[in-house]
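Here's the structure, in structure tokens; my notes come after.
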Amino acid sequence: MIGRLNHVAIAVPDLQAAADQYRNALGAKVGDPQDEPDHGVTVIFIELPNTKIELLYPLGEDSPINGFLEKNPSGGIHHMCFEVEDIIEARDALKASGARVLGSGEPKIGAHGKPVLFLHPKDFQGTLVELEQV
Ligand code: CO
């Protein structure tokens, strides 16, 4: 069911410092910051030849990233995003397999303007999984 690895997301305590490191030390193609108020984050995408890195920084007091950064003050891998062709079909099959979908269970529009859902990390070996319909 799952397709390509769309991105790996890393929560960072200093967005500019992280972007500068990927640009200057790693020589990566780094995008501009984008505010995602619906998700409580500011993101910067880094384009790699085979996937992307999504740098995540909290936006607002209720950001879902705040708690993560409290537990991981120097940052850390926050989630992985897999591509799916039909997000509703994928969701329903995963629910039938016992996996829990976070939030309302309905897809939200993600950072690429496409529908996304998140799956409970306890159901995936401790890893928060995002599905994006492509
Ligand atoms: Co993501």
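Since every read-out is calculated from the coordinates, none of them should be taken as a lab result. What you see is a predicted model; the values in this text were computed from it and never measured. Virtual Cβ from ideal backbone geometry, glycine too; neighbours counted across all protein chains shown.
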Proximal lysines relative to Lys29, as straight alpha-carbon distance under 17 Å, when same-chain residues fewer than 8 apart are discounted: Lys52
Residue order, fewest to most surrounding Cβ atoms within 10 angstrom, among Val134, Val101: Val134, Val101
DSSP bridge pairs, the stretch 10-134: antiparallel proportion in percent, nearest 5: 75
Euclidean distance between Cα centres, the stretch 3-66 to the stretch 88-134, Å: 20
Cross-link reach list, aspartates and glutamates versus Lys108, counting only Cα pairs under 12 Å and skipping chain neighbours closer than eight places: Glu36, Asp38, Glu130, Glu132
Mean residue ellipticity (222 nm) of the chain, computed from DSSP H runs ≥ 4 via -39,500 (n - 2.57), nearest 500: -4500 deg cm²/dmol
Residue exposure sequence - Met80, Met1 - by fewest surrounding Cβ within 10 Å: Met1, Met80
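Could you work out how much longer the chain between Asp38 and Gln16 gets when fully extended? Use 0.36 nm per residue separation minus the Cα distance between them, nm to one decimal. Display every interim value, and only then the final one.
On the way: separation 22, 0.36 × 22 = 7.92 nm, distance 2.15 nm.
Extending this stretch completely gives an extra 5.8 nm.
How would Lys71, Lys52 line up from fewest to most surrounding beta-carbon atoms within 10 angstrom? Kindly include the intermediate steps, with their values, before the conclusion.
Details: Lys71 8, Lys52 19.
Ascending number of Cβ neighbours within 10 Å: Lys71, Lys52.
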Nearest 10 degrees, 0 to 90: helix 87-96 Cα axis against the chain principal axis: 60
